Each structure stands twice: as structure tokens, then as C-alpha cells.
1. Among the numbered criteria (1) touching an Asp or Glu at 6+ places or on another chain (Cβ under 7 Å); (2) closer than 21 Å to Gly129 by Cβ; (3) open to solvent by less than 40 Å² (accessible area, probe 1.4 Å), which one does Arg278 miss?
2. So which of Ala264, Ala290, Ala304 ends up being over 19 Å from Ile20 (Cα atoms) and within 16 Å of ligand 1 (Cβ to nearest atom)?
3. One residue is enough: does region 135-151 have a residue meeting the conditions part of a loop (DSSP other than H, G, I, E, B), surrounded by 24 or more Cβ atoms within 10 Å (Cβ to Cβ) and either within 19 Å of the chain's Cα centre (by Cα) or away from ligand 2 (no atom under 16 Å from the Cβ) (or both)?
4. Could you check how many residues of region 62-105 are within 14 Å of ligand 1 (Cβ to nearest atom) and more than 30 Å from Gln245 (Cα to Cα)?
5. Go through Val127, Val148 for me and flag whichever is touching a residue at least 40 places away in the same chain (Cβ under 8 Å) and of a type in the set (A, V, I, L, M).
6. State all residues of region 20-59 that are within 11 Å of ligand 1 (Cβ to nearest atom) and touching a His at 6+ places or on another chain (Cβ under 9 Å); if no residue qualifies, say none.
7. Just to be sure, is Gly121 assigned to a loop (DSSP other than H, G, I, E, B), more than 30 Å from Pro78 (Cβ to Cβ), open to solvent by less than 60 Å² (accessible area, probe 1.4 Å) and at pLDDT 95 or above?
Amino acid sequence: MSPTPVLLDADPGIDDALAIAYLVAEHHTGLIDLTGLVCTAGNVGLDDTVRNALAWLDLAGAHPLPVAAGSAGPIEVPHVVTPETHGPRGAGYADLPTTTRSTDPRDGARLWVDAARAHPGELVAIVTGPTSTLARALELEPALPGLVRRLVVMGGSFLGHPGNTTPVSEWNVDVDPEAADRVCLAWEASRAADPSIPPVLWCGLNLTERAVWTPGRSERLLAASDAPITRHLTDALRFYFEFHQSMGDGYLAQVHDPFVAWLALRPDSVVSSPANLRIECSGGHTRGMAVADVRGHRGRVDNASVAVDVEVPGGVDAILDQVSAAIASLSPRA
Ligand code: BDR
Ligand code: CA
């Protein structure tokens, strides 16, 4: 079977870095063909997301692939960064090496469209940051929903689970609610015209907060491989542990993005509910809320599958074991 083409749109970001390393490892196994990486401003500014993506690809020993700078901020509102979450430059305590890679001259939105057109009906697209670049790609190519095999987004918080940015909003959606809502509307329109187009798989905090990386897991990763990639990732993770501790979660880290990347490659492992999803773009207290109509109140086409659980022997921990093993395989012990 030929490798599945995959495009990642990320805002690295510490858990995004784990997702990048994980996907490079899966490229090496031949499961996927990592065809491109789009960087979007989110956790840190665009320059830093690009810098980080290039450096993490170097450390992972990635093949040459296009890395394109996407949106420098949300569509309609100013961009607010959160250095307290991922560190001043988005890599926690990791001192990233200077990269020898260069960026692709294309805008990230153009790379989205080119990648989808190059692999019609085959591309698995994964978003682990704000959907600002994807929203612009949908302007360039409104038929994008019908060109990809599936779109998987780390975003939102469902089933009454609280937000991590406001009481009801998750960070990636909260950064650019207008963009996320455009994604919802685009898939709704496309599925209304062609119901064979798959809905977007939204993996929100109700599920992803279960992906907990502990200091013990970092120790085990270092014991399996003390390569530069694992040393830098565990340095970055120490900052993420401290952030979560400061939020009252304990000295650990929720690693949403590699977990979602793993699920994106194995959608049959996800238990999900069909829904018509819209993002609240006004609302004095609810801006950024992902409002999933799972009961059909709106009478509109389902544009989303809302992830609620995983069906995997060993559950979420077993998935993180696989992510960690994949990362350890990137570079054998020196
Ligand atoms: C999301 O926000 C970011 O800080 C993480 O990288 C993840 O993509 C979780 O809300
Ligand atoms: Ca992210």
C-alpha cells in the first residue's frame, strides 16, 4: 500500500513539536508521506512558528519537504501570543539549533491548495493550531473539502467540557473564531452538495486533555534514545510541565497535538458523534465556543464528527506509548 499523503498545519508550540517528530517518524516507517508543513501564528508569532518548525524537522532528520509560512494572525482580530504556555519563542527550555532548511516561497494557504490538488481524494490534513491559514486556503479553493480525504482538527471543547482559554473556549479556536467558523461553513456547504464528502473530525479538550505526558514518560523516552531530538523535546516539555503546574493541573503536560496526529492516521480508533458545528463569534461570554448541535436542533447538514473517545487496547496511554516509541526510533542511541 502506498504511503498516505499528509499535510500538517501547526503553530509550534511544544506539543506541536511532538506532533512534527511523530509524523516524521511515521514518514520513515512508510505509513505516511509527509508532503508539507504549514506554519500558522498561534502559540507564538509566525516567525517563531516557522523557525521552530524548521529546527524540529532538522532534529527529527526529516526528508526535504515544503515548509510554508501561513497566516501571521487571525482574520479579524489582533493576534495575542501566550509565552507563558510554550515559552518566549515557543520551544520551552529547548535551545533549538540554527536550521539549514529554508522555507518554501509559497504562502501557506497556497501550499494547502497545491497539496490537496496534487493528491485529490487522498490527502489527510491535520491542523494543530488556529485555522487562520486554512480559512484563506478555502477562499483560494472553495472545493477544498472535496479534494481532501479527511480533515482532522485539534480544536474546541465539547459535551460541556470546560475551555482552556475562556470558560467555554479552547485555545486554537479562541485565537481565530471567525476562521474556525468559516471552516465549519465550508464543510457544511460542501456536504450539502455532496454528502460523500467526510465531515471534519474535531478533536477537542474533552478527549485531548486525557493525553497526559508525565516526567516519567520523558525519562523513559530519554532512556530509549538520548539523541538531540529527544533531549530538545524533553527540555521543551519541562517548560510545559511548569505551565500546567501553574494552572493547577500538576507537574505534567497535556499533549493534545501528537495525540490528534496519531488519531488522524487511524480514524477508526475514534468514537465520535455527528454534529452540525458552528463557532460562536460574538457573545459577551461565549466568543470562541464550539457549539455542536448533536441533536439536530438546527436542521442543518452535519459538517463535523466530534471525537468523544478512543477504542484502542490500552486507551490513551497506549497511544502515547506508540507516539513515544516512534519518536525514539528517529535516532538510535549514540
Ligand atoms: C492547543 O493549544 C495549544 O497551546 C496546543 O499546542 C494545542 O494545539 C490546545 O488547546
Ligand atoms: Ca498547537
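The values are calculated or read from the model by the stated rules, or taken from the named source; none is laboratory data. All figures in this text were calculated on a predicted structure; none of them were measured in a lab. Cβ placement follows ideal geometry from the backbone for every residue including glycine, while neighbour counts extend to all protein chains displayed. Side chains included, ligands, DNA and RNA excluded: accessible areas come from the protein's heavy atoms. Shrake-Rupley method; radii C 1.70, N 1.55, O 1.52, S 1.80 Å.
1. Exception for Arg278: condition (3).
2. Among Ala264, Ala290, Ala304, only Ala290 is over 19 Å from Ile20 (Cα atoms) and within 16 Å of ligand 1 (Cβ to nearest atom).
3. No, region 135-151 has no match at all.
4. Total satisfying the criteria: 0.
5. Exactly one residue qualifies, and that residue is Val127.
6. Matches in region 20-59: Gly42, Asn43, Val44.
7. yes
Each row is one residue, and each column tells you yes or no for (1) surrounded by fewer than 18 Cβ atoms within 10 Å (Cβ to Cβ); (2) modelled with pLDDT of 95 or more; (3) within 27 Å of Gly73 (Cβ to Cβ).
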{"residue": "Gly156", "(1), (2), (3)": "no, yes, yes"}
{"residue": "Gly163", "(1), (2), (3)": "no, yes, yes"}
{"residue": "Trp171", "(1), (2), (3)": "no, yes, yes"}
{"residue": "Ala180", "(1), (2), (3)": "no, yes, yes"}
{"residue": "Ala189", "(1), (2), (3)": "yes, yes, yes"}
{"residue": "Pro195", "(1), (2), (3)": "yes, yes, no"}
